[in-house]
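Below is one structure, written out as structure tokens; comments come after it.
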Amino acid sequence: MGRWLAARVAHAIVTLAVAATLLFFLMRIVPGDPLSRLSDDRPISPREIARLRERYGLDQPLGRQYAAFLSGTARGDLGVSIEFGRPVTRLIAERLPATLLLGGTVLLLNFTLGLWLGVRQAVRRGGATDRWLEIASLAGYSVPSFWLGLLLAWLAATRWRILPSGGMHDVLLGPDAGMVPVTIDVLRHLVLPALTLSLVSIAATMRYQRTAMLEALALPFVQTARAKGIAERRVVWHHAWRNALFPVITLFGLWLPILVTGSVFVEQVFAWPGLGSLAAGAVGGRDYPLLMGTALLASALVVAGGLIADLLYALLDPRVRHA
């Protein structure tokens, strides 16, 4: 097990290094000058532009810029944002709690309700419950998240006026407010963006879990368990469900980067102060250091999702770690 785990970790590190290298060079290939946006606010002289290029290392050859990037990343230094003039690591650290709150809520709802509803569909295949949930999952899987977010914002915030339309905090809530009012305020602002992402992600998980569960229920050992008179609930959750988890584990590894990448459009719609909106601003402003920082974090989550999926596979099926 130790050798298997060490091999997987080494593979993950190599994958992340390759991804970081590709990201660095691809961003430099994209046309545009990262300093051009600074001249929108006020005229900048050629001397000032030359000084800024020297400050951000843009006057160096590409190979030297890459070496500086690797050296800084190894030390945990991702550079200084061109747009904000502040360290990228500090900007990410400030936005990370909001993204973790939103993404963690979505993942929790997705892999609890999604799994349970998918199993319920499979067990009641062909019934009214299965048909209605199939229609709902297909609709949720097909609807763009930003369109659904705009619709929910219009209904809940504009038409019914029961929830705030954007932000994370009420600007009228004073700094001397207690913990309970602040927590309730954050949860009220969280409802709409979390509901938007959850409806889309739960729909996908339901469909994957239903298909995997139907295949598991048809396996010979499940039929044998039923023939022995074992209670149906135990057959479903103890025998069949464990074998139906493998496709969903893969899906979990793919959904983990939602903490950064999946919430970009939704954060923009609801003005949620997370990493998604920060990354969107970095793309628009060609802010190389900030864009590299957010992209590198997203790549790390992709690699971590794959590693976690491998570990869960090994825990559920010993044959995987002995292969």
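Taken together, the values in this text are just the output of simple stated rules run on the coordinates, not laboratory data. As the structure is a computational prediction, the values presented were derived from the model and not from experiment. Glycine also receives a Cβ, built like all others from the backbone with ideal geometry; neighbour counts cover every protein chain displayed.
Structure notes:
- The C-alpha atoms of the chain define a longest principal axis, and helix 62-74 lies at about 60 degrees to it.
- Charge dipole of region 97-273 (Cα centre as origin; +1 on each Lys and Arg Cβ, -1 on each Asp and Glu Cβ, all else neutral): 880 debye, rounded to the nearest 20.
- Computed from backbone phi with θ = phi - 60° and the Karplus coefficients 6.51, -1.76 and 1.60, the 3J(HN,Hα) list for region 267-283 is 5, 5, 5, 9, 6, 7, x, x, 6, x, 5, 5, 5, 4, x, 5, 5 Hz; x is used for glycine and proline.
- Relative contact order of region 7-124, taken over Cα pairs closer than 8 Å and 6 or more residues apart, is 12 percent.
- In this structure, the amide hydrogen of Val80, modeled 1.01 Å from its nitrogen in the peptide plane, lies closer than 5 angstrom to those of Val88, counting only residues at least 5 positions away or on a different chain.
- Taking every alpha-carbon pair under 8 Å whose residues sit at least 6 apart, the chain reaches a relative contact order of 27 percent.
- Using a Förster distance of 56 Å, the FRET efficiency for Arg55-Leu113 (Cβ separation, nearest 0.05): 0.70
- Helix 88-123 axis, angle to the chain major axis (alpha carbon atoms, nearest 10°): 20 degrees
- Between the Cα long axis of helix 246-255 and the first principal axis of the chain there is an angle of about 20°, rounded to the nearest 10.
- What the phi angles of region 15-21 give under the Karplus curve with 6.51, -1.76 and 1.60, with θ = phi - 60°, is a coupling list of 4, 5, 5, 5, 4, 5, 5 Hz, glycine and proline written as x.
- Sequence-ordered 3J(HN,Hα) estimates for region 182-195 from the Karplus curve with 6.51, -1.76 and 1.60 and θ = phi - 60° stand at 5, 5, 4, 5, 5, 5, 5, 6, 6, 4, 5, x, 5, 5 Hz, glycine and proline given as x.
- Computed from the C-beta positions of Leu70 and Arg226, the FRET efficiency with R₀ = 45 Å rounds to 0.20.
- All-pairs Cα distance distribution in region 189-323, expressed in whole percent, bin size 5 Å: 2, 9, 14, 14, 15, 13, 10, 8, 6, 4, 2, 1, 0, 0
- All-pairs Cα distance distribution in region 1-137, expressed in whole percent, bin size 10 Å: 9, 22, 24, 18, 15, 10, 3, 0
- Three semi-axes describe the equivalent ellipsoid of region 97-273; taken as square roots of 5 times the Cα gyration tensor eigenvalues and ordered largest first, they are 37, 16, 14 Å.
- Region 145-235: chymotrypsin sites (Phe, Trp or Tyr not before Pro) in DSSP loop, at most 13 other beta carbons within 10 Å: Trp160
- If you wrap the tightest convex hull around every Cα atom of the chain and split its volume per residue, you get 195 Å³.
- The fraction of Cα-Cα pairs per 10 angstrom bin, counted from 0 for region 59-184, comes to 9, 20, 26, 22, 16, 7, 1 percent, rounded to whole percents.
- Most fluctuating residue given options Leu26, Leu70, Leu278, as computed from a GNM of the chain linking Cα atoms under 10 Å: Leu26
- Restricting region 41-101 to trypsin sites (Lys or Arg not before Pro) in coil, as DSSP defines it, with at most 14 other Cβ within 10 Å: Arg75
- For the chain, the 222 nm mean residue ellipticity estimated from helices alone, with every DSSP H stretch of n ≥ 4 adding -39500 (n - 2.57) and the total spread over all residues, rounds to -22500 deg cm²/dmol.
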